[in-house]
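Working notes for the structure below.
The values are calculated or read from the model by the stated rules, or taken from the named source; none is laboratory data. Computed from a prediction, not measured in an experiment: that's the story for all the values here. In this analysis, Cβ positions are derived from the backbone assuming ideal geometry, glycine residues included, and neighbour counts consider all displayed protein chains. Heads up: the accessible areas ignore ligands, DNA and RNA and are worked out on the full protein's heavy atoms, side chains in. Shrake-Rupley method; radii C 1.70, N 1.55, O 1.52, S 1.80 Å.
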Amino acid sequence: MANTSSDVVQLGEYKVEKGKSSVSGLSSGAFMTVQLHLAHSASFAGAGVVAGGPYRGVETFRGAAPLAEDAYELNALQLCMAPLLPELAPDARRSLQLAQQAEQAGKIDPLSNLRDNRVYIFTGSKDSVVQSSVVAQTRELYRLLGLSDANLSYHDNVPAGHSLITDNPEDSELDLNQPPYLNNGGFMQSHRILNHVYPGLNPPAERLSGRLLRFDQSEFLNGQQACASMGKFGYAYVPRAVEEGAPARIHIALHGCKQGYSYVDFNFGREDIANQPPYGNRYVTTTGYNDLADSNNIIVLYPQACGSDDDQAQNPDGCWDWWGYTSDEPDNPDYYSRNAVQIRAIHAMLTRLGG
């Protein structure tokens, strides 16, 4: 168990290898992973995408409705995640065109930075929330961006539901598609992600040496907390060796919908885990990232989204913004760019840590 404290600290700066950071996420966190990866490609060496679609996927399919008004739910939560037919899934070639347009407009880093990156992509064959045809287009996008098959690790043959997979006996059955979206498949998916992005890692630590820090995210939002749909607090795991000055890398782990710390109704009616720690921190503490990070001098940053349902942020389930709900102008959204409020905040956290 990491050394934790209820205190709120300010993120510090560490001896971090520039350009060697990485990011991964589940579901809305996976869609955000792709956006962050492309927006700030100069900062990253790789990514892990679990049940996530391609860059700006909500804008890519033929006949897509405008992003304004009631089209949020239609585009993002229905057509883009669960198309009626595989051929109606978001189009990787159109996604590439949109990425190239954003690059030419100076809204994202040069796409050429991505060619040597290492990317892990996963879709459970029993996933009924984000269908496999959608995730397959994410693989195709990275191929179009120049990644080799050796650098792309793609998995679609595990009978998993919509979830990040763990080996925790208290987590849900593998094929379920329901909160808390942590399913027991007999392995730690976080370890597979990190081992692909960073080949040759040491085995995970048997006992954590470092500290799990809680920090105030509002510092990184420049007064835009009301429209950002981000929680007041974020978390970071820092191995002891890194605190003592060892060179480090940073991995950003992005939770999915209903997985942030504010979702404290963790058991969703499951009496068998009613005595477990609050679900709201389980993505931070039980998904395995910290164990492997500890033995390999990796800082794990856990930004937190939160639920809101007002005129500024239509996001009751605490999802990351991958369809434009934080954009000031829905007809001209910027959710995918370096200037997007959530992307800007997360990258500012990365920069503060030294990455």
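For this structure, a couple of remarks:
- Among residues of the stretch 205-234 that are within 12 Å of V9 (Cα to Cα), those with a beta-carbon under 6 Å from a residue that is aromatic (F, W, Y) and open to solvent by less than 60 Å² (accessible area, probe 1.4 Å) at least six positions away or on a different chain give the pairs L212/Y237; R214/F233; R214/Y235; G234/F215.
- Unmet requirement for A99, which otherwise passes all of (1) at pLDDT 95 or above; (2) surrounded by fewer than 21 Cβ atoms within 10 Å (Cβ to Cβ): (2)
- Residues of the stretch 118-131 satisfying the condition of being of a type outside the set (A, V, I, L, M), open to solvent by 10 Å² or more (accessible area, probe 1.4 Å) and assigned to a loop (DSSP other than H, G, I, E, B): S125, K126, D127, S128, Q131
- Annotation note: of S327, S295, the sole residue that is under 19 Å from F31 (Cα atoms) and either open to solvent by 10 Å² or more (accessible area, probe 1.4 Å) or at pLDDT below 90 (or both) is S327.
Okay, residues lined up against (1) crowded, with 24+ Cβ neighbours inside 10 Å; (2) part of a loop (DSSP other than H, G, I, E, B); (3) at pLDDT 95 or above:
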| residue | (1), (2), (3) |
| --- | --- |
| G12 | no, yes, yes |
| L36 | yes, no, yes |
| A42 | no, no, yes |
| V49 | yes, no, yes |
| Y72 | no, no, no |
| A76 | no, no, no |
| E87 | no, no, no |
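- Exclusive hit being under 21 Å from L292 (Cβ atoms) and open to solvent by 10 Å² or more (accessible area, probe 1.4 Å), set A236, A246, A253: A246
Residue-by-condition table, conditions (1) out of contact with any strand residue (DSSP E or B) (no Cβ under 9 Å at 6 or more places or on another chain); (2) open to solvent by 10 Å² or more (accessible area, probe 1.4 Å); (3) of a type in the set (F, W, Y):
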{"residue": "S95", "(1), (2), (3)": "yes, no, no"}
{"residue": "S112", "(1), (2), (3)": "yes, yes, no"}
{"residue": "Q137", "(1), (2), (3)": "yes, yes, no"}
{"residue": "H155", "(1), (2), (3)": "no, yes, no"}
